[in-house]
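First up is the structure itself, then whatever we jot down about it.
The values are calculated or read from the model by the stated rules, or taken from the named source; none is laboratory data. In this text, all values refer to a predicted model and were calculated from it rather than measured experimentally. A quick note on method: Cβ atoms are made from the backbone with ideal geometry, for glycine too, and the neighbour counts reach across all protein chains shown.
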Amino acid sequence: MRAMLIQAGERLLADCPPGWVADLLAEACPGQWKPPDGRADIELSVTRNQAPFRHVGAEPLTRGAYRRDRTVVLINACGSGFDLAMEAAEDQLRVAARWRPPSRERLAARVLRSRFHLLARAALVQYPALWWAGRRGRVPLHAAAVTVGDAVPLLAGPGGIGRSTLLLDAVAAGERACSDNLCVSDGERVYGLVEPVRVEGGGGRRMAYGRRERELPGQLAALRPDRLVVLSRGSAGEAALRPASAATAAETLTAGTYMAGELRRYWAFAATLAMGTGIGRAHPAIREVAGALATRLPAWEIVLGATPGPGLAELLMTGPSVVTP
């Protein structure tokens, strides 16, 4: 496998021999891998070599992490079973990966297949892209932008509220999104993270809560939202749209990002790389970017009802139109 995709706004090239890891990468980013075209921002190289990366004489950063010059070695990165050697140059991140699981992770990879796939995707094609995007001032957000006619709402809210259902219903009606779960943003545009969507009735890998994976149809690399829509769940029978303050919208976007299970292991990953390479902040500017979005964009709250209700297009029709220059 030698293929490229746009991941969190970064051109990521994966070079991997045929086999189960190549299959894992293909499944991690369904429908998005293309033949290589031009220089990559991130080069991921996976080999069959199972020897440890050399870190004798390197500077320890924390347990399982070492630094030599601008290369950081992570042992069992994110609990995935993969060791990573990450070299940060001025304009390119090179990631070498070797499958070297401890006994516990090897057993978990066989027994807890869905969990293993999520951890491996994070370590190989998600977290490196999220972190490298930070050099452009972009930070991870648990949010998703989607077209709804001429509007481009950025949907924010904790997991399990119903955001994916609203977004996927809009996509099924012909709209397009840049992600389902995670994106990065600089306060102006959002750049989607490529991953399968998890829905009831999907045809792919079985995941938690009885859901299965499938590709997000027509996924876009980036969108510029013109409004910020925070989601909550009420007890009334019908959904409702109401104005939200910038402070409420920013706090919801910030809190939802920190509550996201997909990012649980990211914060330590990012801090270790920042410390080891001297690039970027030890902690991403989540609150600052959320505040910038909430200040720039009109903010609304959709209170979802206890039963299935209208889709995004119908809900947004009850608010005024927003024109962004």
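Below are the figures for this structure:
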| read-out | value |
| --- | --- |
| Filter result for Leu228 (over 17 Å from the mean Cα position of the chain (by Cα), crowded, with 19+ Cβ neighbours inside 10 Å and closer than 30 Å to Gln126 by Cα) | yes |
| Identity of the residue in the stretch 261-281, modelled with pLDDT of 95 or more and of a type in the set (A, V, I, L, M), that ends up farthest from Arg94 (Cα to Cα) | Leu263 |
| Helices (runs of 4 or more DSSP H) lying entirely in the stretch 76-154 (those with 3 or more residues that are more than 24 Å from Cys183 (Cβ to Cβ) and outside the structural domain of Thr295 (by TED's automatic domain parsing)) | 103-111 |
| Residue list for the stretch 29-64, filter: in a strand (DSSP E or B), out of contact with any Gly (no Cβ under 7 Å at 6 or more places or on another chain) and under 30 Å from Ala282 (Cα atoms) | Ile42, Glu43, Leu44, Ser45, Val46, Thr47, Glu59, Pro60, Thr62 |
| Residue in the stretch 293-309 that is in a helix (DSSP H, G or I) and under 22 Å from the mean Cα position of the chain (by Cα) present | yes |
| Residues (touching a Leu at 6+ places or on another chain (Cβ under 6 Å) and farther than 23 Å from Asp69 by Cα) located in the stretch 80-119 | Ser80 |
| Residue match in the stretch 106-126 (condition: at pLDDT 95 or above, surrounded by fewer than 24 Cβ atoms within 10 Å (Cβ to Cβ) and either polar (S, T, N, Q) or within 23 Å of Pro298 (Cα to Cα) (or both)) | no |
| Extreme residue, surrounded by the fewest Cβ atoms within 10 Å (Cβ to Cβ), among residues of the stretch 231-245 that are out of contact with any Ser or Thr (no Cβ under 9 Å at 6 or more places or on another chain) and among the hydroxyl-bearing types (Ser, Thr, Tyr) | Ser235 |
| Options Thr277, Thr248: the member that is of a type in the set (S, T, N, Q), surrounded by fewer than 18 Cβ atoms within 10 Å (Cβ to Cβ) and over 19 Å from the mean Cα position of the chain (by Cα) | Thr248 |
| Residues (out of contact with any His (no Cβ under 6 Å at 6 or more places or on another chain) and among the hydroxyl-bearing types (Ser, Thr, Tyr)) located in the stretch 40-78 | Ser45, Thr47, Thr62, Thr71 |
| Qualifying positions in the stretch 146-179 - of a type outside the set (Val, Ile, Thr), within 25 Å of Arg11 (Cβ to Cβ) and touching a Lys or Arg at 6+ places or on another chain (Cβ under 8 Å) | Leu154 |
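Yes or no, residue by residue, for (1) β-branched (Val, Ile, Thr); (2) assigned to a loop (DSSP other than H, G, I, E, B); (3) crowded, with 16+ Cβ neighbours inside 10 Å; (4) at pLDDT below 95:
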site: Glu188; (1), (2), (3), (4): no, yes, no, no
site: Tyr191; (1), (2), (3), (4): no, no, yes, no
site: Val194; (1), (2), (3), (4): yes, yes, yes, no
site: Arg198; (1), (2), (3), (4): no, no, yes, yes
site: Glu213; (1), (2), (3), (4): no, no, yes, yes
site: Pro217; (1), (2), (3), (4): no, yes, no, yes
site: Leu220; (1), (2), (3), (4): no, yes, yes, no
